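Quick notes on the structure that follows.
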Amino acid sequence: MISASDAITQSDYELFLSYNELLNTIEECFYYLIKSYESMEYTNREQIMDDLMDAFIQVDAVHSSMMHAARSNSELQKSILLFDDMLEELRPAPEGGSHLFHAYLKRLSHLYKAWKRDIQTCLLPYLLH
């Protein structure tokens, strides 16, 4: 829990809020991509995959600012650093049939959701403050 001495600036609050929204958008991308392998109704798979990759790049790019804003919260800093560990665990992406990539996306989605839950728990006190 954050204390009065952990007050954040308006800029930090906006950073945390935008970051949180980006994390939710990434989860929506995973949902769409996984469904696109299960139903023909989801037809924008390539565009959503490109958007997902761009979102991961954005998350990674903002981490240095997040680390600075979270300078007094070691748990949040630790959660930020776990993003790279999550991605490293799944490198390289499988080559081959679409069923392999579908399974890969499900695994990545599962790991992402667990990481997201952890980091959003750390962010919540800042967003409610």
Given unit charges at Cβ for Lys, Arg (+) and Asp, Glu (-), the dipole magnitude of the chain about its Cα centre in debye, nearest 20, is 340
Between Tyr13 and Ser74, Cβ-based FRET efficiency (R0 22 Å, step 0.05) works out to 0.65
Treating every alpha carbon of the chain as one equal point scatterer without solvent, the Debye formula yields log10 I(q)/I(0) values at q = 0.10, 0.18, 0.23 Å⁻¹ of -0.36, -0.97, -1.41
Taking the dipole of the chain about the Cα centre (Lys, Arg +1; Asp, Glu -1; charges at Cβ), the one of Pro92, Ser65, Met49 that reaches farthest to the positive side is Pro92
Whole-Å distance linking the alpha carbon centroid of segment 1-64 with that of segment 72-129 is 11
Once His102 and Leu128 are pulled to full extension, the length gained, defined as 0.36 nm per residue separation minus their Cα-Cα distance, is 5.7 nm
Per the helix-only model, the chain has a calculated mean residue ellipticity at 222 nm (DSSP H runs of ≥4, -39500 (n - 2.57) each, divided over all residues, rounded to the nearest 500) of -27000 deg cm²/dmol
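Percent relative contact order of the chain, based on C-alpha pairs within less than 8 angstrom and at least six residues apart?
Normalised by residue count, the contact order of the chain is 35 percent.
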extent check for segment 54-125: Cα max minus min per principal axis, descending, whole Å, gives 46, 20, 17
Counting only backbone N atoms under 19 Å from a point 7 Å out along Cα-to-Cβ of Asn24, the residues of segment 39-80 in range are 52, 55-56, 58-59
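Dipole magnitude of segment 5-45 about its Cα centre, charges +1 at Lys/Arg Cβ and -1 at Asp/Glu Cβ only, in debye to the nearest 20? Before the final figure, lay out the partial values.
Values: 2 positive and 8 negative charges, 50 e Å.
Charge dipole, segment 5-45, about its Cα centre: 240 debye, nearest 20.
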Taking 105-112, 37-44 and ranking on average Cβ neighbours within 10 Å, highest first, one gets 105-112, 37-44
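Could you tell me which helices of the chain pass both thresholds, a Cα extent of 27 Å or more along their own axis and a mean Kyte-Doolittle hydropathy of at least -0.5, with helices taken as whole DSSP H runs? Mind dumping the intermediate values first?
Details: long enough: 10-36 (39 Å, -0.15); 45-69 (35 Å, 0.00); 98-128 (42 Å, -0.07).
Membrane-span-like by this rule: 10-36, 45-69, 98-128.
Quick note: the coordinates plus some simple rules give every number you see, no bench work behind them. Note that the coordinates shown come from a computational prediction; the quantities given were computed from them, not determined experimentally. Cβ atoms come from the backbone with ideal geometry, glycine included; neighbour counts cover every protein chain shown.
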